[in-house]
Every structure is written in C-alpha cells, then in structure tokens.
Amino acid sequence: MSDNARNYIKALYGFDAVVRRVDQSRWGAASPCEGWSALDVVAHNIGMCTMIAGIARGVPANSAGHPVVGDPQSDWVDARDDVLEALDQQGALQREVGTPWGHLAVDRFVGLVVVDPLLHTFDLAKASGQVAHLDEDLAEAGYIQLKKAGDMIRGERFGPEVPIDSDASITDKLISIAGRNP
C-alpha cells in the first residue's frame, strides 16, 4: 500500500468516527462548509468514495453522479466499504484514469484528495456538535498542500483564509487556510 492510499484511508476512518456519532436530529444542521448541512457533507463524501471506487476500477470520474442519501450512516458505511475494497484490488492504485484534475494514476489522485475527508471531518463534527479531532500528521500535510495551491483553492468550497495566531495548532492552520473559522 502506498503512503497516499494509507493517508487517504486514515482520513476516511477519521470521518467515519464522526459520522457514526452524529445524532439523527443533527443531519439538517448547518456546517462550516458554506451552504451545506451535515447531510450535504456526508452526501459529498459518499459521492467522493463512489467516484474513487469507480476510478480504482477504471471508470472515468466524470461518470459519477451525486448520490441520493436515504440513511446517512448506513449509506456512508456502504460507500466507505466499497472504496476500501476497490482500492485494495491488485493494480488499482497504478491504474490511470480521467479525474477532475486530468488523467492521473489513482494513487496520485487519492494523494491529492486526502484533504477532502479531513476537512469535512471538521465540517461534520462542528455541524453535529462534536469536537473535531484531526490527525496532526494529516493536518500538517493538508496545510502544506493547500498553502502550495495558494489562491487556486479559493472558490465554491474554500473561502478566504481566516486570520489566526501564528502559534495556532496545525489543525487550526489547516482549517483557517480552507476558509473556515477554527
């Protein structure tokens, strides 16, 4: 298993821990991800898992649709298990396929998107009234990745960087560079 896949899977399990603790009454709560509820956050992550499972099986990313979520926790577990199974197949990480960022090996793609479940772990935790605990090594790698990307990340889901103290935790730095208030 590659470092990229290992980190992506670690981020998935961090998200999973939060999903499993969401009280059913909180799925409609607003998240720090502008315009999204807790349910929207989990639906997005289900969609990402479905897309990544597809590309690991050789299906171009543009064929993935937005999922309809009936039971958020159960639907999440199904998507999580499917992507883990797909990534575990012989040769899946080396497969090259169309992604939203061009033709890439699956391993490279999961290395790029590891920040997605990481940030959305924060979003879902905040929306559902939980304390967000992010893996510090993943948070540091995500912060470095977003810092390098600069203004290219600004737009629909990444607002302007939120000013914080220079001695803030690496998790807070990651959250603030993504345009969220830690």
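All of the numbers you see were taken from the coordinates with simple rules; none came from a lab. Keep in mind that what you see is a predicted model, and the values were worked out from it rather than measured. When we count neighbours, we look across all protein chains shown, and the Cβ atoms used for this are built from the backbone with ideal geometry, even at glycine.
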Original post:
If you bin the C-alpha pair distances of the chain every 10 Å from 0, what whole percents do you get?
Top reply: 10, 38, 38, 13, 1
Original post:
SER128's amide H: which non-local residues (gap 5+, or another chain) put their own amide H closer than 5 Å, with H modeled 1.01 Å from N in plane and none for Pro or chain starts?
Top reply: none
**OP:** Please work out how much length the chain gains when fully extended from HIS103 to GLN145, using 0.36 nm per residue of separation minus the C-alpha to C-alpha distance, in nm with one decimal.
**Re:** 13.2 nm
Original post:
Which whole-Hz ³J(HN,Hα) couplings does the stretch 94-109 yield from phi under the Karplus relation 6.51 cos²θ - 1.76 cosθ + 1.60, θ = phi - 60°, glycine and proline marked x?
Top reply: 8, 4, 9, 7, x, 10, x, 10, x, 7, 9, 6, 4, 4, 5, 4
Original post:
Counting Lys and Arg as +1 and Asp and Glu as -1, what is the net charge of the other residues whose Cβ lies under 12 Å from the Cβ of GLY129?
Top reply: +2
Subject >> Fully extended contour minus Cα-Cα distance, from SER74 to SER25, at 0.36 nm per residue >> reply: 16.1 nm
Original post:
Which three extents, in whole angstrom, do the alpha-carbon atoms of the stretch 1-40 cover along their principal axes, largest first?
Top reply: 37, 21, 11
Subject >> Under the Karplus curve 6.51 cos²θ - 1.76 cosθ + 1.60, θ = phi - 60°, whole-Hz ³J(HN,Hα) for the stretch 137-145, x wherever Gly or Pro sits >> reply: 5, 5, 4, 5, 5, x, 4, 4, 4
Subject >> Residue pairs, from the table LYS126/LYS173; LYS148/LYS173; LYS126/LYS147, whose Cα atoms sit over 19 Å apart >> reply: LYS126/LYS147
**OP:** Would you mind telling me which residue in PRO67, PRO32, PRO100 has the biggest mean-square fluctuation in a Gaussian network model of the chain, where springs connect alpha carbons within a distance under 10 angstrom?
**Re:** PRO100
Original post:
Summing +1 for each Lys or Arg and -1 for each Asp or Glu, what net charge is found among the other residues whose Cβ lies under 14 Å from the Cβ of GLY102?
Top reply: 0
Original post:
Once phi is turned into θ = phi - 60°, what whole-Hz ³J(HN,Hα) does the Karplus curve with 6.51, -1.76 and 1.60 give for every residue of the stretch 122-130, x standing for Gly and Pro?
Top reply: 4, 4, 5, 4, 4, 5, 9, x, 9
Original post:
Near the amide H of PHE158, under 5 Å away, which other amide H atoms are found, from residues 5 or more places off or on another chain, if H is placed in the peptide plane?
Top reply: none
Original post:
Near SER166, within a Cβ-to-Cβ distance under 14 Å, what is the net charge of the other residues, with Lys and Arg +1 and Asp and Glu -1?
Top reply: -2
